[in-house]
Amino acid sequence: MPEDGVREIDTRCQLANGLHIAYLRWCPGGGAAASRGRILCYPGWLDNAGSFANLGRAAAAHGAWDIVAVDPPGCGKSDRLPASGSYSDYEEAALVPVIARAIWGDAKPFSVFGHSRGANVGTGAAAAFPELISALVLSEAFGGLYTEHAGKTAADHLRLGWNVDKKNAGTPPKAHASFAAAVARQQAHRVFPKAPSTARNLAERGIRPVSPSSPEGPCVSTNDPRLHGVEGAGNQKVYLTKQANDALLAAIRCPVLFLEASRSYLTVAQVSEDKRTMLQAEKAERKRILAQAAASCDFRTVEGSHHFHSDRAEHTAQLVLPWLEKVVAKPAKL
């Protein structure tokens, strides 16, 4: 639990467009003014603020940071987008400053810690809003947003994404025999295995019981079914060209900390060796662009798998917080 004087808050805010975003917050008793700095944490695909619960609690023991972890739209306790809306990393990047202002009540700078898909969102936000994003921590990032792949053009992806939306719109939520079964499924994921505490934190926000009188019994996912992809189509409509994504990376000016797991998803994903080699080369190129553009760029490998930021929260806090203390006061590179 957080240290004395640091509060853990579970609440929601309303954005100007009427959307309610749920979040967890760890802040000193004196509020944002008493903190060392602000950190907005954005979780990965189908994850929620529970992804950062272990880290938020560990960080609270290292000083008075004001840390917020959000449930992305359509996930956890946040509202789903209306039928006319579309889930997209590109769109959510533009929501980051809106969410920050709704939570903190002003337009002062803050750092972003993005995990996996959340790193895509954070990358887009840092590129578009350099006056607001003072530092960027990317955990298990591929580098930038979704880009054309598998021989498909951006137009192909747009059509495929539309078909996925139509297919999933009427799909019932994923069901589990019990809360314990939902936790076990998270923990034993084939590509993204998790520590028991990480799996439970995610399930506590991402699962609701079928019957309120039986919280440990049958339950269903709270995630919008439209977020689920299908093989070969992905789960989004907006895919950038390589040139557009490279330009986005090249626009980042704040300091960047790029964290990779020793058992990264690229090393465990079930793909052909040719495709793995291609993806690793593409990622290396994106890291090169980022290193040239950012005020500073530190690359570090952390022992663990895709969710090491939660599975090894204390180690991650000891790595990230001193780095933030070192770089947030540095001027942006012009």
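The values are calculated or read from the model by the stated rules, or taken from the named source; none is laboratory data. For clarity, every value in this text was computed on a predicted model and none was experimentally measured. Counting neighbours? That spans all protein chains shown, and the Cβs are built from the backbone with ideal geometry, glycine included. Keep in mind that these areas ignore ligands, DNA and RNA; they rest on the heavy atoms of the full protein, side chains included. Shrake-Rupley method; radii C 1.70, N 1.55, O 1.52, S 1.80 Å.
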In nanometres, the difference between 0.36 nm per residue of separation and the alpha-carbon distance of A181 and A61 is 40.0 nm
Each label sits 7 Å from Cα toward the beta-carbon; between K167 and R208 the label points are separated, in nm, by 2.6 nm
Long-range amide H partners of V210, meaning residues 5 or more apart or on another chain whose placed amide H is closer than 5 Å, are C219, V220
Note, region 49-59: 3J(HN,Hα) by Karplus (6.51, -1.76, 1.60, θ = phi - 60°), whole Hz, Gly/Pro = x, goes 4, x, 4, 10, 4, 4, 5, x, 6, 5, 5
Within the set G44, G18, G304, GNM on the chain using Cα springs under 10 Å gives the largest fluctuation to G18
So the FRET efficiency between T11 and E325, C-beta based with R0 = 45 Å and rounded to 0.05, is 0.95
Nearest-0.05 FRET efficiency for A107 and S84 at R0 = 30 Å, using Cβ-Cβ distance, is 0.60
Per the C-alpha gyration tensor (a ≥ b ≥ c, the square roots of its eigenvalues), the chain is rounded if a/c is under 1.5, else prolate if a/b beats b/c, else oblate; here it's rounded
Taking every DSSP bridge whose two residues both lie in the chain, the antiparallel percent to the nearest 5 is 45 percent
Rounded to the nearest 0.05, FRET efficiency between R159 and A247 (Cβ-Cβ, R0 25 Å) equals 0.55
Contour minus Cα-Cα span, S272 to H228, at 0.36 nm per residue, comes to 13.5 nm
SASA check, I9, accessible area w/ 1.4 Å probe, all protein chains in place, rounded to nearest 10 Å², comes out at 50 Å²
Relative contact order as a percentage, region 194-334, C-alpha pairs under 8 Å and 6+ apart, gives 26 percent
Candidate cut points under GluC sites (Glu not before Pro) in region 234-334, DSSP loop plus at most 12 other Cβ atoms within 10 Å of their own Cβ, are E303
Placing +1 on each Lys and Arg Cβ and -1 on each Asp and Glu Cβ in the chain, then taking the dipole about the Cα centre, the residue among A64, S88, A195 whose Cα reaches farthest towards the positive end is S88
The lysines whose Cα lies under 30 Å from the Cα of K108, excluding any fewer than 8 residues away in the same chain, are K77, K287, K326, K330, K333
The long-range amide H neighbours of Y42, using H built 1.01 Å from N in the peptide plane and a cut-off of under 5 Å, are F113, G114, H115
For region 187-283, the percent of accessible surface on carbon and sulfur atoms (probe 1.4 angstrom, ligands and nucleic acids excluded) is 58 percent
For region 1-145, the percent of accessible surface on carbon and sulfur atoms (probe 1.4 angstrom, ligands and nucleic acids excluded) is 51 percent
Ranking F113, A127, I99 by how far each Cα lies towards the positive end of the charge dipole of region 98-160 (+1 on Lys and Arg Cβ, -1 on Asp and Glu Cβ), the top one is I99
Amide H contacts under 5 Å for C297, restricted to residues at least 5 apart in sequence or on another chain and with H modeled in the peptide plane, are V256
For region 177-320, shape from the Cα gyration tensor axes a ≥ b ≥ c, cut at a/c of 1.5 then a/b versus b/c, turns out prolate
From highest to lowest solvent-accessible area (probe 1.4 Å; ligands, DNA and RNA excluded), S116, S310 read S116, S310
Candidate cut points under trypsin sites (Lys or Arg not before Pro) in region 137-224, DSSP loop plus at most 14 other Cβ atoms within 10 Å of their own Cβ, are R190
Dividing the alpha-carbon radius of gyration of region 241-315 by 2.2 N^0.38 Å, where N counts its residues, gives 1.23
